[in-house]
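Notes follow once the structure below has been shown.
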Amino acid sequence: MSFHSPFQIGEKKLLRKIIATEDGRNGVSGLASSCFQVTPNLSAIAINMRTFGKSVCDFELGHDVYLFDSFENIAQSEPLTFLRSFEDRHPDNGSMVYYSRYDGFIGFVPVGATLPDGHPHPHAGTGFCVGEAIAIPLSLSQSDALNVYDQNSGCFFILTQLEFKDGTLRETERNILHPNEFLAGCLTSALGAPQFDGEDILMPCCSVPPLPWGEGLVRMRRQNGKWRPERYSLVTSEPGTNPPMFSKPYPSDGLSGCECSIAPLATGELLFTCREWGPHPWSPEPLEASRLRLWLGRPGQSPFRQILEKPHFHTLSPITVNATWNGVPYLLANEYSQVDWKGKAIPSLNIREKLLLYPLEGTDFAPQEPLVLCDVVKEFGPPGPQDGGWFADHPMGWRLKVGGRQRNFVTWRVFHVRETQKVEPSEHSGVWIAEIFDNQ
């Protein structure tokens, strides 16, 4: 019996932006770090800007935020730049550093939002952005060649308070925090949309001692006019020997999670998954960390119940679980493969040529026959023999009210690996967005 997918993929659109900052840095749009509702008729997309023109990987310029009210004019307005990377003093020694801001998780309560009981949400029109930033000595930040993981002065959290007022979104406060000043043991490593629970916002994250090892949810609560972490609840209950990916980029042993995501179901339950890093991330497949694991639970439950484990499901690239407005769940992930498009065995982390959308069905939410979201080699042609390869990665799903109706979108990043070696961005590089339909 043939499988009839409940999903259809609509028009794909490239959001390609090139910037030159006031301090002489060049950036190109990388991934959509967040999409969120601002008012009943206005949405926002935060686009991560990555450096080009240097021999450097993962040197980020922060995020540009675009407000929009239709699919046709996404990212057509002037960007709001208050979430970009910035220069400031190091909190410990007072030296000037450049804070390179990574994926920012944004939780925002839309203007006019109501609580489940119908009462107005007391924090409507406010929100926060929290994410990691690597402090790079200012003398090194303009170098033509840079290793951000080795040549830095520490990792910090940037917590920004947001407000929509006088027709625009703005920053009202920004704090540079040591990780333990945010929530001891919490490592922000979230992908995708937040989950609202009463007056609070739930943010997925990873945890290390003094919190339990694993992955879970931070409850963000607004008190005295500021959003702050209230408490942490563990979702995955498992021993660990290494911090997640972003606090120790290259762990040598043990499995570790990073880049967690959640999806709300029509039952009120949440699906949870995370990308795993594993002991040998630069090795070819097969690897244990390329498995898919799903957990199911309700807000406040700890831990969740693991409902699925599927080995060798995707390469060691980001994976997210999502749900449509109708509560129909789906996964976004790179196709599992042991070789690249040329048939060569390369590190699993670098096989990101095809992105797939998997419908999830049944009580165990088993992945069904996938739809191809992006096949970079087929769509854009094979890279040259000396040109590295294409990446299509960081897929995320979003639920927005656009044009007066509820709509479902997916976003992903496309770039050419050689762009980390002083090569200009390709004409296909940037954030891609498509509307999806769940046929419900």
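The values are calculated or read from the model by the stated rules, or taken from the named source; none is laboratory data. This one's a predicted model, so the numbers in the text were calculated from it and none came from an experiment. We place every Cβ from the backbone using ideal geometry, glycine too, and count neighbours over all the protein chains shown.
Of all residues in segment 157-174, at least one satisfies being crowded, with 18+ Cβ neighbours inside 10 Å and either in contact with a His (Cβ under 9 Å, 6 or more places away or on another chain) or basic (Lys, Arg) (or both).
Among the residues of segment 200-233, those that are out of contact with any strand residue (DSSP E or B) (no Cβ under 7 Å at 6 or more places or on another chain) and either touching a residue at least 60 places away in the same chain (Cβ under 8 Å) or closer than 23 Å to PHE36 by Cα (or both) comprise GLN223, GLY225. State whether the residues of segment 15-33 include one that is assigned to a loop (DSSP other than H, G, I, E, B), within 19 Å of the chain's Cα centre (by Cα) and of a type outside the set (S, T, N, Q). Yes, segment 15-33 contains a residue that is assigned to a loop (DSSP other than H, G, I, E, B), within 19 Å of the chain's Cα centre (by Cα) and of a type outside the set (S, T, N, Q).
Can you find even one residue in segment 118-133 that is surrounded by fewer than 17 Cβ atoms within 10 Å (Cβ to Cβ), in contact with an Asp or Glu (Cβ under 8 Å, 6 or more places away or on another chain) and either at pLDDT below 95 or not in a helix (DSSP H, G or I) (or both)? For segment 118-133, residues surrounded by fewer than 17 Cβ atoms within 10 Å (Cβ to Cβ), in contact with an Asp or Glu (Cβ under 8 Å, 6 or more places away or on another chain) and either at pLDDT below 95 or not in a helix (DSSP H, G or I) (or both): present.
Counting the residues of segment 183-219 that are of a type in the set (Phe, Trp, Tyr) and surrounded by 22 or more Cβ atoms within 10 Å (Cβ to Cβ) gives 1.
Of all residues in segment 26-57, which are modelled with pLDDT of 90 or more and of a type in the set (D, E, K, R)? Hit for segment 26-57 is ARG50, nothing else.
Residue pairs whose Cβ atoms lie under 9 Å apart, separated by 6 or more positions or on different chains, with the first residue in segment 413-440 and among the small types (Gly, Ala, Ser) and the second part of a loop (DSSP other than H, G, I, E, B), are SER429/ARG16; SER429/PHE52; GLY430/ARG16; GLY430/LYS17. Scanning segment 261-312 for residues that are part of a loop (DSSP other than H, G, I, E, B), without any contact (Cβ under 8 Å) to a residue 60 or more places away in the chain, among the small types (Gly, Ala, Ser) and in contact with a Leu (Cβ under 8 Å, 6 or more places away or on another chain) yields a single hit, GLY278. For segment 367-383, give me each residue that is assigned to a loop (DSSP other than H, G, I, E, B) and either buried (at least 19 other Cβ atoms within 10 Å of the Cβ) or within 24 Å of the chain's Cα centre (by Cα) (or both). Passing the criteria: GLN368, PRO370, PRO383. Against the numbered list (1) in a loop (DSSP other than H, G, I, E, B); (2) modelled with pLDDT under 95; (3) among the hydrophobic types (A, V, I, L, M, F, W, C), LEU349 comes up short only at (1). Which members of segment 91-111 meet the condition of being part of a loop (DSSP other than H, G, I, E, B) and within 26 Å of the chain's Cα centre (by Cα)? Hits for segment 91-111 are TYR102, ASP103, GLY104, PRO110, VAL111. Sub-7 Å Cβ pairs linking a first residue in segment 78-96 that is within 18 Å of LEU159 (Cβ to Cβ) and without any contact (Cβ under 8 Å) to a residue 40 or more places away in the chain to a second residue that is surrounded by fewer than 18 Cβ atoms within 10 Å (Cβ to Cβ) and of a type in the set (S, T, N, Q), at least 6 apart or interchain, are ARG89/SER95, ordered by first then second residue.
Given the condition more than 21 Å from GLY10 (Cα to Cα), modelled with pLDDT under 95 and of a type in the set (Lys, Arg), answer yes or no: does some residue in segment 307-325 qualify? Looking for residues that are more than 21 Å from GLY10 (Cα to Cα), modelled with pLDDT under 95 and of a type in the set (Lys, Arg), one finds none in segment 307-325, hence no.
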